[in-house]
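Enquirer: Just dropping this structure here.
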Amino acid sequence: MDWISDSDDLKDGFVNTLTAWYEHHKRDLPWRHTRNPYLIWLSEVILQQTRVAQGRPYYERFVAAYPTVQSMSDADERDLLRLWQGLGYYSRARNMHRTAQYVAGPLAGKFPETYQELLKLPGVGTYTAAAIASFSFNEKAAVVDGNVYRVLARVFGVEADITTTLAKKTFAKLADQLIQLSDNPATYNQAIMEFGAIQCTPVSPDCLICPLQQRCQAYLTGRQRELPVKSRKNAVRERYFNYIVIRQGDRIALKERTEKDIWQHLYDFCLIETEEPMEAFRELPEGAILNWVLQEGILKGLSDERTHVLSHQRIRARFWLVEIPEGRNVPLPDGLIFCKPSDTERLPKPILVVDYLKSLHF
DNA sequence: AAATCGGGGGA
DNA sequence: TCCCCAGATTT
């Protein structure tokens with residue numbers, strides 16, 4: 001009886017080839033020296049939508065600052081955000097803190113050990129749950145990330161649009177079939193992602209020395225550039241940020257961002273957003289308090305327009321530095337608070353603000 | 001199902 | 001420029 005179909009044979013070769021390839025090509029990365037689920041989880045959250053080269057130094061700093069889930073649970077959330085500064089997608093840091101508190105508290109320090117249980121943690125979705133379940137506990141849970149979409153789409157010639165729900169299910173099913181054939185799901189999951197990151201890259205994959213070359217639908221039909229199929233392109237919104245940087249002595253007025261917008265719980269300056277570039281800030285229809293600040297203050301400088309690009313927004317920012325004379329007691333608008341240099345340094349801020357503050361020292 | 005959430009780096 | 005990165009959550 002033919003209980004192994006051609007298709008299964010192909011898949012088996014794929015799994016074995018990738019696993020063998022990995023043993024010879026894997027990078028030496030810090031989170032590959034442990035099975036500690038806390039450290040694996042920490043690395044995976046940091047690496048969500050983040051390149052290894054960018055995330056690695058953050059991982060090192062987080063491990064040094066918070067070596068255990070208990071220590072992270074005990075941390076001030078602002079300190080976590082400050083350490084996260086520059087990584088982007090800041091809700092990851094807050095979800096990370098919530099998970100740390102949940103594990104350290106109700107779970108008594110014991111990390112969940114199965115895919116289904118891991119999935120319940122804040123900030124842990126299908127990818128991260130599969131990663132922890134396999135890397136730490138060797139569960140046959142298939143990771144499906146950007147690398148996996150690309151490798152599977154090319155090798156197996158899957159033309160489904162990866163932005164659609166149906167395609168996600170198709171890829172997840174294929175990935176699940178594949179990992180069932182593996183003797184070591186932890187290694188296989190690492191292997192397919194590493195292969196996508198190093199060999200089967202988005203642009204100009206290194207097909208000439210590819211061990212899957214003669215089994216790759218994309219290579220055999222010259223469609224490496226067309227696969228995977230990804231339709232949706234992001235509309236970029238234009239925004240104009242006019243920052244009033246209120247300074248008195250060495251203190252600067254900062255404000256926590258609390259609205260439902262980018263950079264939640266990070267700190268920036270007094271912000272006036274406009275639909276068009278603003279030239280004369282003294283004519284703004286704003287609150288009386290701000291007007292008083294602007295009248296009492298002395299305009300010390302106006303920065304060039306800086307463009308800050310996010311995935312869905314292009315922000316044009318200008319910074320108006322307003323000096324309040326020492327000794328004068330000027331009430332600040334809404335949530336603004338004067339911060340001494342050490343506090344300004346300690347608070348989490350968007351890179352746009354960090355860069356401006358650096359330029360201020362000259 | 002689609003929108004939203006950062007910042008950086010490679011080609 | 002454009003693409004996309006060890007995605008998750010909200011709308």
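Enquirer: Across region A:212-250, what is the number of residues that are over 23 Å from the mean Cα position of the chain (by Cα) and within 30 Å of A:Pro277 (Cα to Cα)?
Expert: 11
Enquirer: When you scan region A:23-53, how many residues do you find that are within 7 Å of DNA strand C (Cβ to nearest atom) and either open to solvent by 80 Å² or more (accessible area, probe 1.4 Å) or over 21 Å from the mean Cα position of the chain (by Cα) (or both)? I'd like the intermediate steps shown before the answer.
Expert: Quick first cut of region A:23-53, residues within 7 Å of DNA strand C (Cβ to nearest atom) only: A:29, A:31-32, A:43-44, A:47-52.
In the following step, the residues that additionally are either open to solvent by 80 Å² or more (accessible area, probe 1.4 Å) or over 21 Å from the mean Cα position of the chain (by Cα) (or both) were identified as A:49, A:51.
Of the residues in that region, 2 qualify.
Enquirer: Condition first: among the hydroxyl-bearing types (Ser, Thr, Tyr), within 21 Å of A:Asn234 (Cβ to Cβ) and surrounded by fewer than 21 Cβ atoms within 10 Å (Cβ to Cβ). Now tell me which residues in region A:133-185 satisfy that.
Expert: First, pick out the residues of region A:133-185 that are among the hydroxyl-bearing types (Ser, Thr, Tyr): A:134, A:136, A:149, A:163-165, A:170, A:182.
Remaining after also requiring within 21 Å of A:Asn234 (Cβ to Cβ): A:149, A:163-165.
Within region A:133-185, A:Thr163, A:Thr164, A:Thr165 qualify.
Enquirer: Right, here's the next one. Pull up region A:154-187, narrow it to residues that are touching a strand residue (DSSP E or B) at 6+ places or on another chain (Cβ under 7 Å) and within 26 Å of A:Val45 (Cβ to Cβ), then point me to the one that is nearest to DNA strand C (Cβ to nearest atom).
Expert: Among those that are touching a strand residue (DSSP E or B) at 6+ places or on another chain (Cβ under 7 Å) and within 26 Å of A:Val45 (Cβ to Cβ), it is A:Ile162.
Enquirer: For region A:110-123, indicate whether the set of residues that are within 16 Å of DNA strand B (Cβ to nearest atom) and either closer than 21 Å to A:Ser7 by Cα or part of a helix (DSSP H, G or I) (or both) is non-empty.
Expert: No: zero hits.
This table checks each residue for (1) in a helix (DSSP H, G or I); (2) among the charged types (D, E, K, R).
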residue	(1), (2)
A:Glu23	yes, yes
A:Arg27	no, yes
A:Gln54	yes, no
A:Arg61	yes, yes
A:Ala64	yes, no
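Listed here are the residues, each with its yes/no results for (1) open to solvent by 50 Å² or more (accessible area, probe 1.4 Å); (2) within 16 Å of DNA strand B (Cβ to nearest atom); (3) outside any loop (DSSP other than H, G, I, E, B).
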{"residue": "A:Asp8", "(1), (2), (3)": "yes, no, yes"}
{"residue": "A:Gly13", "(1), (2), (3)": "no, no, yes"}
{"residue": "A:Leu18", "(1), (2), (3)": "no, no, yes"}
{"residue": "A:Pro67", "(1), (2), (3)": "yes, no, no"}
{"residue": "A:Gly86", "(1), (2), (3)": "no, yes, no"}
{"residue": "A:Arg94", "(1), (2), (3)": "yes, yes, yes"}
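Enquirer: Across region A:294-344, which residue is most open to solvent (accessible area, probe 1.4 Å) among those that are over 20 Å from A:Tyr267 (Cα atoms) and assigned to a helix (DSSP H, G or I)?
Expert: A:Gln295
Enquirer: Pairs only if they're at least six apart or on different chains, beta carbon under 6 angstrom, first in region A:83-104 and within 17 Å of A:Thr50 (Cα to Cα) and more than 9 Å from DNA strand C (Cβ to nearest atom), second in a loop (DSSP other than H, G, I, E, B) and open to solvent by less than 40 Å² (accessible area, probe 1.4 Å); list them, first residue then second.
Expert: Sorted first by the residue in region A:83-104, then by its partner, the pairs are A:Gln85/A:Pro348; A:Met96/A:Gly123.
Enquirer: Now for a different question. Against the definition (open to solvent by 80 Å² or more (accessible area, probe 1.4 Å) and either assigned by TED's automatic domain parsing to the domain that holds A:Pro202 or outside any loop (DSSP other than H, G, I, E, B) (or both)), how does A:Glu273 come out, yes or no? Quick ask: steps written out before the conclusion?
Expert: On the way: open to solvent by 80 Å² or more (accessible area, probe 1.4 Å): yes; either assigned by TED's automatic domain parsing to the domain that holds A:Pro202 or outside any loop (DSSP other than H, G, I, E, B) (or both): yes.
The answer is yes for A:Glu273.
Enquirer: Taking the conditions exactly as written (open to solvent by 50 Å² or more (accessible area, probe 1.4 Å) and either touching an Asp or Glu at 6+ places or on another chain (Cβ under 8 Å) or modelled with pLDDT under 95 (or both)), does A:Thr114 satisfy them or not?
Expert: Details: open to solvent by 50 Å² or more (accessible area, probe 1.4 Å): yes; either touching an Asp or Glu at 6+ places or on another chain (Cβ under 8 Å) or modelled with pLDDT under 95 (or both): yes.
When the stated conditions are applied, A:Thr114 passes them.
Enquirer: Would you be able to tell me the number of residues in region A:205-264 that are within 16 Å of DNA strand B (Cβ to nearest atom), over 25 Å from A:Ala167 (Cα atoms) and of a type in the set (D, E, K, R)?
Expert: Count: 10.
Enquirer: Would you mention how many residues in region A:194-225 are within 10 Å of DNA strand C (Cβ to nearest atom), open to solvent by 30 Å² or more (accessible area, probe 1.4 Å) and not β-branched (Val, Ile, Thr)?
Expert: Residues flagged as within 10 Å of DNA strand C (Cβ to nearest atom), open to solvent by 30 Å² or more (accessible area, probe 1.4 Å) and not β-branched (Val, Ile, Thr) within region A:194-225 amount to 3.
Enquirer: Which of the numbered conditions does A:Arg150 fail, given that it passes all the others? Conditions: (1) part of a loop (DSSP other than H, G, I, E, B); (2) touching a helix residue (DSSP H, G or I) at 6+ places or on another chain (Cβ under 7 Å); (3) within 16 Å of DNA strand B (Cβ to nearest atom).
Expert: A:Arg150 satisfies all of (1) part of a loop (DSSP other than H, G, I, E, B); (2) touching a helix residue (DSSP H, G or I) at 6+ places or on another chain (Cβ under 7 Å); (3) within 16 Å of DNA strand B (Cβ to nearest atom) except (1).
Enquirer: Give the residue, chosen from A:Leu271, A:Leu360, A:Leu294, that is within 15 Å of DNA strand B (Cβ to nearest atom) and at pLDDT below 95.
Expert: Sole residue among the options that is within 15 Å of DNA strand B (Cβ to nearest atom) and at pLDDT below 95: A:Leu271.
The values are calculated or read from the model by the stated rules, or taken from the named source; none is laboratory data. Model, not experiment: these values are computed from the prediction. Methodologically, a virtual Cβ is constructed for each residue, glycine included, from the backbone with ideal geometry; neighbour enumeration extends over all protein chains shown. Accessible surface areas use protein heavy atoms only, side chains included; no ligands, DNA or RNA. Shrake-Rupley method; radii C 1.70, N 1.55, O 1.52, S 1.80 Å.
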